[in-house]
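Inspection log for the structure reproduced underneath, given as structure tokens.
Any read-out appearing in this document is the output of simple, stated calculations on the displayed coordinates, not a laboratory observation. The model shown is predicted, which means the values in this text are computed figures rather than measured ones. Cβ atoms come from the backbone with ideal geometry, glycine included; neighbour counts cover every protein chain shown.
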Amino acid sequence: MDVQAYRKLFPVTQNYVFLNNAAESPLNEPFRLKLEEYLKVCSTAPQEKPSTVREEVRVRLAQLLGGSTDEYALVTSTGVGVSIVAAGYPWQEGDNIVVPADEHWNNTFPWLALREKNVDVRIVPVDEHNRIKVEDVAARVDANTKIVAAAAVRFNSGFRSDLKALSNVAHKVGALFLVDGIQATGVMPLNVEKDGIDILCCAGFKWLLGMPGTGFLYVRSDVQSRINPSMPGMFAAENIFTDLNYHEDARRFETGSIAYSLFHAWTAGLDILLEVGVENIYTRVMHLTDLLIKGIRAKGHTLLSPAETQAERSSILIFSVGDAAANKALYAALRAKGIIVTYRSGSIRVSPSFFNTEEEIAAFVEAI
């Protein structure tokens, strides 16, 4: 991988050490240029706007994540995807859903809302590193479990879930396995078929090199009929006025118009990932996080993310230099030096991407 060549695609690298990719990917040049291309057409010849945006995005998502194009619906965020499923599943009295504690709100609130329908929302405790233990999930699953939901990577610890093992737990009782993929897709290997994922919900503005407002809902073809479309719009069914004939693919979960300008430009970001290769990105990021782990520990600071094995590591590392006040002060000091990270829940979160360099990691370690 020619890191220097790819750095040129991310103008933020000219002014900052940007280690905050788990929050939002910095805008890349191919995306910006494609967005401007679309806007120019809109202002000069709107009748010439590209008409195949939806399909072009689906094709790229299937290439990156597996499955077929007709298993992808285009939505605007992770939360929208999860909510469509939560609202559309035909819940019955006594049903339950199993989800780990302290998941991101997009994978928590839609399930908690089901308590109003008398659905039993079973929360699986996590350990001090926000680690999900498969046996703890299995202990709360039974014949009445309809969905097991989990993040592929936890935003508050960087813990990487064993997706295949969790899938097996769900499928053993006939439940669906739903994954919040926003902190994994585009930065580490994830394949809906190999990992046994029935439903994958994700926004595009982090590791998938899109912007807020882009996203998708993957629903395996033989699962689609088990979920009722909860917000049908003109793209969910045949365009007739007398009957509601849903499309016989994931498009049935779509609603109305999306931000076509952003989705059109998103194809450029997805093309970068396809060109570089997610396996190569993963190898690169694991190398950079190796350096970070060594540096954080060498400085005597406390690493809060699980890091005992690479299997449970991700592109996210959480650490502390003391108490919340000390961490907040460090965050401010880093920002003043042009080093961008996240201060969250009293700790520091650092998340490098493939365009970051060893020199930037060294600068960060020196600064802490």
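By the beta-carbon count within 10 Å of each Cβ, the least crowded to most crowded order of 77, 230, fewest first, is 230, 77. Along its first, second and third principal axes, ordered by size, segment 193-240 spans 37, 27, 14 Å in Cα coordinates. Under 15 Å from a label point set 7 Å out along the Cα-to-Cβ vector of residue 299, the amide N atoms of segment 6-25 belong to 17-20. By the count of neighbouring beta-carbon atoms within 10 Å, fewest first, 299, 34 end up ordered 299, 34.
In terms of packing, defined here as the mean over residues of other Cβ atoms within 10 angstrom, the peptides 44-57, 180-193, 156-169, 89-102 line up highest first as 180-193, 156-169, 89-102, 44-57.
If a paramagnetic tag sat 7 Å from the Cα of residue 128 along the Cα-Cβ line, which residues of segment 157-175 would have the backbone N under 20 Å from that point? Counting backbone N atoms under 20 Å from the label point, the list is 157-160. Looking at the chain as a GNM with Cα springs under 10 Å, which of 283, 342, 242 has the largest mean-square fluctuation? Checking each option, the largest mean-square fluctuation is seen for 242. Per residue, the chain reaches -10500 deg cm²/dmol at 222 nm when only DSSP H runs of four or more residues are counted, each adding -39500 (n - 2.57).
Label positions at residue 120 and residue 2, each projected 7 Å from the Cα along the C-beta direction, are separated by 5.9 nm.
A simple spin-label model places pseudo-atoms 7 Å from Cα toward Cβ; at residue 290 and residue 345 they are separated by 2.9 nm. Within segment 126-217, the proportion of Cα pairs with more than 17 Å between them is 49 percent.
Within the same chain, lysines fewer than 8 places from residue 117 are excluded, and of the rest, those with a Cα less than 24 Å from its Cα are 146.
At full extension, residue 248 and residue 231 could sit 4.5 nm farther apart than now, given 0.36 nm per residue minus the alpha carbon distance.
What spacing in nm lies between the two simple spin-label points modelled at residue 324 and residue 52, each 7 Å away from Cα in the Cβ direction? With each label placed 7 Å out from Cα toward Cβ, I get 5.3 nm. Each of 42, 202 was scored by other Cβ atoms within 10 Å of its Cβ. Arranged with the fewest first, they read 42, 202. Remark: the residue 39-residue 165 segment gains 40.8 nm on full extension, using 0.36 nm per residue and subtracting the alpha carbon distance.
Normalising the average separation of contacting C-alpha pairs (under 8 angstrom, six or more residues apart) by the number of residues puts the relative contact order of segment 44-274 at 25 percent. Treating the Cα atoms of segment 49-144 as identical point scatterers in vacuum, please give the log10 of the normalised Debye intensity I(q)/I(0) at q = 0.11, 0.12 Å⁻¹, two decimals. Debye curve over Cα of segment 49-144, log10 I(q)/I(0) at q = 0.11, 0.12 Å⁻¹: -0.47, -0.55.
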